[in-house]
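**Student:** Have a look at the structure that comes next, please.
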Amino acid sequence: MTYFRAAMPKGAPVHAQVLNEPGGLELRSDLGRKWMRADLFVSASPFVAKTDAAGCFVIRDLPKGSYAVS
C-alpha cells in the first residue's frame, strides 16, 4: 500500500510528512533500487529502542516497576 510518494531529485527542497498514527511503515525506492529502503515505526510511547547488529537493546529512563517485553 502506498501512503505517499515524494520525488526527491538533487537540490529539491526537503519533503516533510507527518505520521499521526502509531504503526510500522516501509520506505522504499520506486526506481527499482532494492537497497534503498528503511523500516520506520511510529510509537505512541516515549519508551522505545532499536536493536543493534547483535539484536541487543536498552530502554533508558524507565520508571521503576515490572514490565513485560514483547
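The values are calculated or read from the model by the stated rules, or taken from the named source; none is laboratory data. Here the structure is a predicted model, which means the values were calculated and not measured. Every residue, glycine as well, gets a Cβ built from its backbone with ideal geometry; the counts of neighbours run over all protein chains shown. These area figures cover heavy atoms from the full protein model, side chains too; ligands, DNA and RNA do not enter into them. Shrake-Rupley method; radii C 1.70, N 1.55, O 1.52, S 1.80 Å.
**Student:** Can you name the number of the only condition in (1) open to solvent by less than 70 Å² (accessible area, probe 1.4 Å); (2) touching a strand residue (DSSP E or B) at 6+ places or on another chain (Cβ under 8 Å) that residue 22 fails?
**Tutor:** Among (1) open to solvent by less than 70 Å² (accessible area, probe 1.4 Å); (2) touching a strand residue (DSSP E or B) at 6+ places or on another chain (Cβ under 8 Å), the lone unmet condition for residue 22 is (1).
**Student:** Here's something else I'd like to know. Quick check on my filter: what residues within region 25-56 are open to solvent by 100 Å² or more (accessible area, probe 1.4 Å) and part of a loop (DSSP other than H, G, I, E, B)?
**Tutor:** 30, 31, 33, 34, 35, 46, 50, 53 - these are the residues of region 25-56 that are open to solvent by 100 Å² or more (accessible area, probe 1.4 Å) and part of a loop (DSSP other than H, G, I, E, B).
**Student:** For region 38-54, what are the residues that are under 12 Å from the mean Cα position of the chain (by Cα) and among the acidic types (Asp, Glu)? Explain how you work it out, then say what you get.
**Tutor:** Narrowing region 38-54 to residues under 12 Å from the mean Cα position of the chain (by Cα): 38-43, 48-50.
Hit for region 38-54 is 39, nothing else.
**Student:** Using beta carbons and a limit of 7 Å, which pairs, at least six apart or on different chains, have the first residue in region 45-57 and of a type in the set (Val, Ile, Thr) and the second one modelled with pLDDT of 85 or more?
**Tutor:** 51/57
**Student:** Restricting to region 7-19, give me the number of residues that are farther than 30 Å from residue 69 by Cβ and exposed (fewer than 10 other Cβ atoms within 10 Å of the Cβ).
**Tutor:** Residues of region 7-19 that are farther than 30 Å from residue 69 by Cβ, as a first pass: 7-16.
Filter once more, so that each one left must be exposed (fewer than 10 other Cβ atoms within 10 Å of the Cβ): 7, 9-14, 16.
Of the residues in that region, 8 qualify.
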